[in-house]
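Trainee: Handing you this structure, nothing more for now.
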Amino acid sequence: MGDGAVMWRGGERRRIVVGMTGASGTVYGVRLLEVLRQRPDVETHLVVSAAGQLTRSLETGYSKEDVDAMADVVYKPSDMAAAISSGSFQTAGMAIVPCSMRTLAEIATGVTSGLVSRAADVTLKERRPLVLVARESPLNLTHLRNMTAVTEAGGVILPPVPAFYLQPSSVEEIVQQTVDRCLDLLGLPQPDAPRWTGGGY
């Protein structure tokens, strides 16, 4: 089996690595984990940076244990010997949700100080999908150049930009739209995600 797939009782499961870092927007990462948890065809591998844990505590009512329970496998951010630090450990891709500018810079330069950026580096070198939900505003020239470098290396920059043409009625719907796009880019489309049909949604 290739494509980061492992066997389970009902067929194949695809390993997806989820990173969460210190940018604002923990709710996006939490929602991604919630959606993936509902999919029996996916096995999630989670790593949250120290700054990501701090942001979680400031922005949400979720505890570390609450978030960890949403993933199949959880790693310490300092564990550079973790399975996801090696290209021989097959996965179907990685999403960093949210992605801080520091994490973006590490990925862009290949200077990895922790497991989140190391796993992203592995994802790029193995030519697997890497999606960065980069959260910062406004952007300076260094941010933009780092985004260009990651894009040239094969990653996808997915800022959490609301799609108001969907006429969202809640923050949850705005968050879900970004999560749906992230899943599309990982090759895991949600069957109930709104799709343009040529004449509307």
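Trainee: Return the Cα extents of the chain along principal axes one, two and three, sorted largest first, each rounded to a whole Å.
Mentor: Reported extents, whole Å, longest axis first: 48, 48, 36.
Trainee: Now for a different question. Can you tell me which of 159-165, 177-183 comes out highest on packing, and rank the rest after it, using the mean Cβ neighbours within 10 Å?
Mentor: 177-183, 159-165
Trainee: For the stretch 1-130, give the percent of accessible area contributed by carbon and sulfur heavy atoms, probe 1.4 Å, rounded to a whole number.
Mentor: Exposed carbon and sulfur together represent 51 percent of the surface.
Trainee: Give the separation of the Cα centroids, the stretch 118-151 to the stretch 10-85, in Å.
Mentor: Each part's Cα centre sits 18 Å from the other's.
Trainee: Cβ neighbours within 10 Å, averaged per peptide: list 127-133, 51-57 in order, most packed at the top.
Mentor: Taking the mean over residues of other Cβ atoms within 10 Å, the ranking is 127-133, 51-57.
Trainee: In debye to the nearest 20, how big a dipole does the chain give about its Cα centre with +1 on each Lys and Arg Cβ and -1 on each Asp and Glu Cβ?
Mentor: Details: 19 positive and 21 negative charges, 65 e Å.
Dipole of the chain, to the nearest 20 debye: 320 debye.
Trainee: Still on this structure, I have one more. The stretch 8-101: D in µm²/s via Stokes-Einstein (Kirkwood Rh, Cα pairs, 10 °C, 1.306 mPa s)?
Mentor: Approximately 118 µm²/s, per Stokes-Einstein.
Trainee: Using the reciprocal of the averaged 1/r over all distinct C-alpha pairs, how large is the Kirkwood radius of the stretch 69-166 in Å?
Mentor: Numbers: mean 1/r = 0.0713 Å⁻¹.
Value: 14.0 Å, from the Cα pair sum.
Trainee: Right, here's the next one. Enumerate the residues in the stretch 19-57 having an amide nitrogen under 18 Å from the point lying 7 Å beyond the Cα of residue 79 toward its Cβ.
Mentor: 19-21, 43-53
Trainee: Starting from the 7 Å offset along Cα-to-Cβ, what nm value, one decimal, do you get for the label separation of residue 102 and residue 68?
Mentor: 2.1
Trainee: When only alpha-carbon atoms count, how far does the stretch 109-201 stretch along each of its three principal axes, as whole angstroms with the largest first?
Mentor: Result, largest extent first: 44, 30, 24 Å.
Trainee: Per residue, how many Å² of accessible area does the stretch 89-156 show with a 1.4 Å probe? Let's see the in-between values first.
Mentor: Numbers: 2950 Å² over 68 residues.
Averaged over the residues of the stretch 89-156, the accessible area is 43 Å².
Trainee: What percent antiparallel are the DSSP beta bridges of the chain, to the nearest 5?
Mentor: The antiparallel fraction comes to roughly 15 percent.
Trainee: Could you do me a favour and compute the accessible area per residue for the stretch 6-79, 1.4 Å probe, result in Å²? Don't skip to the end; give the middle numbers.
Mentor: Numbers: 3460 Å² over 74 residues.
Per-residue value: 47 Å².
The values are calculated or read from the model by the stated rules, or taken from the named source; none is laboratory data. Because the structure is a prediction, the values reported are computed rather than measured. Reconstructed Cβ throughout: ideal geometry from the backbone, glycine too, with neighbour counts over all protein chains shown. Remember, those area values only see protein heavy atoms, side chains included, never the ligands or the DNA or RNA. Shrake-Rupley method; radii C 1.70, N 1.55, O 1.52, S 1.80 Å.
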